[in-house]
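Accompanying notes for the structure given below.
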Amino acid sequence: MDASSLRPDRAGEPEPAGTPAAPVRRFTLRSFAGLLAVATAGVLFGVLLLLVRLHWSPLASVDSGVADSLNARVSAHPGLVSVLKQISSYGGRPFLIPLVAVAEVWLLLRKRHRLALYLAVAFAGDLLLDPAVKAAVGRLRPVLANPVLHAHGNSFPSGHALASMVVYGALVLVFLPALHGWWRRAVITVAALLVLAVGFTRVALGAHFVSDVLGGWLLGVAWLGATGYAFRLWQQETGHTTAPVTEGLDPEAAEDLGAPDQAPATLGSKRWRAFEFATGWALIFGILAALGVLVTRYAKPGFDEALPRWFSHHRTPALDRVSWWLSKAGDSHGILFIALVFCALTYAATRRLRPVLFLVVVMFGELSLFLASAAAVHRPRPHVTQLDGVLPTSSFPSGHVAATTCLYVGIAVIVLARTRAWWRWLTVVAAVAMPVLVATSRMYRGMHHPTDVFGGVLLAGLLIPLAYWLIRPNDLPPTPAPQGDQVLEPAVERAEDGEVLSDVSH
């Protein structure tokens, strides 16, 4: 082929894919498309802001009509209000700040400092943009006939809509390279639905107008686009790979953000392990149900009621508040949050699935055993004033105590095997102190008998060894010998104080 045919000045012929100019051209086209999308979102937000400031009557009419209609429908259903408030909380700062903090620690542990900086800048922009724009616009919140939520501050734009768009969008862009196939589609779909759901709840609860939510979404898209474009330019200037936005911000981070290079040591036959766990679960349930029936029918009321009654006679406002916080530390929300944070950080630090699987099995096993045992025993609560009101579950066993014991003992089991630093003993202290404090708070608040507490501890004491025996969370995979078919025995690396132990293969 004639060399002149490769000259870029030949009119009407495309640039061959292998020439140096092709990647630059593709990057330029993608950059232009990204800038156009960012500019479009920014212009639409500016137009919407102007219409809100000018009190444009058609927009005001739509906003008021939708707000009044939804308020009339939602306020008549207290259960629906509770569900909407829960969904709305997923766009609030109390939920998003810990979520971003966990992601930041994950990225730093995986030594992806650029992505950590991007996520921090994106979230910081959200924290600054929301109050600044609200102060500039000064729009009042909706005034409704039957208010179900009392929000503070100005109305435009919706801070929940803005924050959910920025945080969930940024997290998807950061972790997208590690996702493939249907996982990628599922995560994108869930994130999009969550952003839409949060925005809807803000209107349905009467906290914002429709235009407030639209303004938050548009501002969030514009900010995500601006920060993402700046990150891509940074990557291009430093010689890193750039790819379409559908591949995430940093395709080179896929290995660090995703699953480990080598699968963990086999757990054997999955069906056999599941059968063993089901058998152990049934035995534990039988023990708990039998014990619960015995204490319900034959325990002397004076013995089992004495301690809750003594606590009820020594209540003070200060102790009531302390007991409330301790009970919250052992409820399903607090336990779930701590478990999720610990699992995420453990996997980021060790790149091993066994510890995560161990804690997940323990916590789901605890929940199922508690619900089944409580339904089978159906024991009444102590005959004292119950500070937490009427609960749907029965008294035996104590779910708070069982969940707290399973969580903190499980954490100690994982941490003690992976570090020789002095702080590992803090997990042992927590494994002892937290169940004691939660148990005391539950009896103080009149929610459990001493035998209920014992039932919760017994549940954890039987379930944790079962899960440990089946999953072996601290076993390491064998290291292949450099020659021949011999395989070295599993070994644990030596580490200095403060160093986390990890797989030999890593």
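Results, tabulated for the structure shown:
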| quantity | calculated |
| --- | --- |
| Per-pair calculated FRET efficiency, R0 = 35 Å: ALA230 and LEU140 via Cβ, rounded to 0.05 | 0.50 |
| Environment charge at ASP212 (Cβ cut-off 14 Å; Lys +1, Arg +1, Asp -1, Glu -1) | +3 |
| Net length gained if the chain between LEU340 and ALA282 were fully extended (0.36 nm per residue, minus Cα distance) | 18.2 nm |
| Cα-based Rg / Dmax (Å) for segment 270-471 | 17.4, 53 |
| As computed over segment 412-463, the Cα convex hull volume per residue (Å³) | 66 Å³ |
| Spin-label model distance (nm) - GLU237 vs LEU426, 7 Å beyond Cα toward Cβ | 3.9 nm |
| Calculated diffusion of segment 341-424, Stokes-Einstein form, Kirkwood radius summed over Cα pairs, 37 °C and 0.692 mPa s, µm²/s | 220 µm²/s |
| Separation in nanometres of the label points that stand 7 Å from Cα toward Cβ, at ASP320 and TRP272 | 5.8 nm |
| Span from the segment 364-433 Cα centroid across to the segment 105-142 one, whole angstrom | 36 Å |
| Burial order of peptide ranges 174-181, 350-357, 70-77 (average beta-carbon count within 10 Å, highest first) | 350-357, 174-181, 70-77 |
| Globularity index of segment 24-257, i.e. its alpha-carbon radius of gyration over 2.2 N^0.38 Å | 1.08 |
| Alpha-carbon centroids, segment 40-92 and segment 302-361: separation in whole Å | 37 Å |
| Distance (nanometres) between label positions extended 7 Å along Cα→Cβ at SER57 and ALA72 | 2.2 nm |
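Quick note: the coordinates plus some simple rules give every number you see, no bench work behind them. The model shown is predicted, which means the values in this text are computed figures rather than measured ones. Don't worry about glycine lacking a Cβ; one is built from the backbone with ideal geometry, like all the others, and counts go over all protein chains shown.
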